[in-house]
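Each value in this text was obtained by applying a stated rule to the coordinates, not by laboratory testing. Because the structure is a prediction, the values reported are computed rather than measured. FYI the Cβ positions are ideal-geometry reconstructions off the backbone, even for glycines, and counts take in every protein chain you see.
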């Protein structure tokens, strides 16, 4: 779930199929501001610009935004209402399934399940991060 008031949330696959992102001059899906804005003017209409944000989850939200901005995505097909968004998929650290957050913030797989099996044969909740990473000392 993204921390913005967005009512039309799409999966990564839906977003790419529907809106067709355009690669930046550096051949990345993510554009930097200096690649997109020249002489104070955007190279594309506002309705084709999405802001790539990173907070609780990596996401793209329709339009120009400054908070948690990590770049932009430009699409061939424009957004319509301005409340559309897309959450990038992640990989479960435990089972390597592709997972994404549902509208309640739960990490789920393509079947809608939130549980996988660890190496000990125990059911555990999908997680995109290494659970031992926070325990390492510096």
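Across q = 0.19 Å⁻¹, the range 44-91 modelled as identical point scatterers on its alpha-carbon atoms has Debye log10 I(q)/I(0) values of -0.54, in the order of the q list. Counting neighbouring beta carbons within 10 Å and listing from fewest to most, the residues 95, 54, 116 come out as 54, 95, 116. Please work out the FRET efficiency for the pair residue 46 and residue 129, using the Cβ-Cβ distance as r and a Förster radius of 30 Å; give the result to the nearest 0.05. Rounded to the nearest 0.05, the efficiency is 0.30.
Maximal additional length on extending the residue 67-residue 114 stretch stands at 14.0 nm, based on 0.36 nm per residue less the C-alpha distance. In the chain, helical runs assigned H by DSSP with n ≥ 4 each contribute -39500 (n - 2.57); averaged across all residues and rounded to the nearest 500, the mean residue ellipticity at 222 nm is -2000 deg cm²/dmol.
Taken over the chain, the ratio of Cα radius of gyration to 2.2 N^0.38 Å equals 1.19. Sorting 39-47, 17-25 by average packing, meaning the other beta carbons within 10 Å per residue, from highest down gives 17-25, 39-47. Taking only the alpha carbons of the range 8-87, we obtain Rg and Dmax values of 11.5, 34 Å in that order.
At 25 °C and a viscosity of 0.890 mPa s, what translational diffusion coefficient does Stokes-Einstein give for the range 90-135, taking Rh as the Kirkwood radius over Cα pairs? Give it in µm²/s as a whole number.
228 µm²/s
Result for the chain in a Gaussian network model with C-alpha springs under 10 Å: among 35, 12, 27, the largest mean-square fluctuation is at 27.
Output the antiparallel fraction of DSSP beta bridges having both residues in the chain, as a percent to the nearest 5.
Percentage antiparallel, nearest 5: 85.
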